[in-house]
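Engineer: Pasting a structure below so you can have a look.
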Amino acid sequence: MKYENMIPAVFLRRPNRFVAHVELQGQEEICHVKNTGRCRELLQPGCQVWVSRSDNPNRKTKYDLITVKKGDYLINMDSQAPNVAAKEWLERGGLGAAEVVKPEQRFGNSRFDFYLERDGKGMYLEVKGVTLEDGGVCRFPDAPTERGAKHLRELVEAKKAGFDAAVLFVIQMKPVKWLEPNDGTDPEFGKALREAAAAGVEILAVDSEIGPDTMVISDFVEVKL
């Protein structure tokens, strides 16, 4: 996936979860933040960021904050990017040849990100984007998520109903050591993740090659439960 009209900038501050102030070509500009997570370890005053300019005159802000530099990492922090990149990856055979790849499919009380059919068997797949990293170790979530635990419980029900079921953590950077649940922030999600794994739900993680204006899923990453 590739973004258009990307411009380097310097992050200044984030007064709320929806907007950030950046210095762009010598001017202070307001950007839409396409990630409602905390991202405090990413958005530090003075850090290098890249923003995408929109030419839509009806928008409140002209720019979207997409990519941030943290140490040696380029990190995509667009919360919509993992699903777009996952669709491209699945269509390239990331989980094996699939005859069907359908986004946004409902099962039970949840709408999952993808429904696949491989060799005639259905699979429900939920995608989670990951931007939290410490010393090469990535963790999810970066804030408590009741919705995330609900999705895991519904994947267990899909598995019981005879479908394949999986959760795919798309790490929005590279390279990393492994992924683990962030029990310190959300112990209920960690518990639900381990229960899902015990019930046969596949727990998968992949990293991504990130450029200032690109994101492509790359390699599988170890998951430590």
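The values are calculated or read from the model by the stated rules, or taken from the named source; none is laboratory data. This structure is a prediction, so every number in the text was calculated from the model and none was measured. Backbone-built Cβ (ideal geometry, glycine too); neighbour counts: all protein chains shown. Quick note on the areas: whole protein, heavy atoms, side chains included, nothing else; ligands and nucleic acids left out. Shrake-Rupley method; radii C 1.70, N 1.55, O 1.52, S 1.80 Å.
Engineer: Could you grab me the full set of residues in the range 75-99 that are farther than 30 Å from Arg40 by Cβ and in a loop (DSSP other than H, G, I, E, B)? Talk me through it step by step, then tell me what you get.
Structural biologist: Pass one, the range 75-99, residues farther than 30 Å from Arg40 by Cβ: 90-99.
Result: Arg92, Gly93, Leu95, Ala97, Ala98, Glu99.
Engineer: Exactly one of (1) of a type outside the set (A, V, I, L, M); (2) in a strand (DSSP E or B); (3) more than 20 Å from the chain's Cα centre (by Cα) is unmet by Phe169. Its number?
Structural biologist: Answer for Phe169: the failing condition is (3).
Engineer: If you scan the range 125-165, which residues turn out to be free of Cβ contacts under 8 Å to residues at least 60 places away in the same chain, among the aliphatic types (A, V, I, L, M), crowded, with 20+ Cβ neighbours inside 10 Å and assigned to a strand (DSSP E or B)?
Structural biologist: Across the range 125-165, the qualifying residues are Leu125, Val127, Ala165.
Engineer: Pairs needed: first member in the range 75-102, within 16 Å of Lys2 (Cβ to Cβ); second member anywhere, open to solvent by less than 10 Å² (accessible area, probe 1.4 Å) and assigned to a helix (DSSP H, G or I); C-beta distance under 9 Å; at least 6 residues apart or different chains.
Structural biologist: These pairs meet every condition: Asn76/Pro82; Asn76/Ala85.
Engineer: Can you tell me which residue within the range 172-193, out of those that are open to solvent by less than 30 Å² (accessible area, probe 1.4 Å) and assigned to a strand (DSSP E or B), is farthest from Val223 (Cα to Cα)?
Structural biologist: Step by step, filter the range 172-193, then rank; the result is Pro181.
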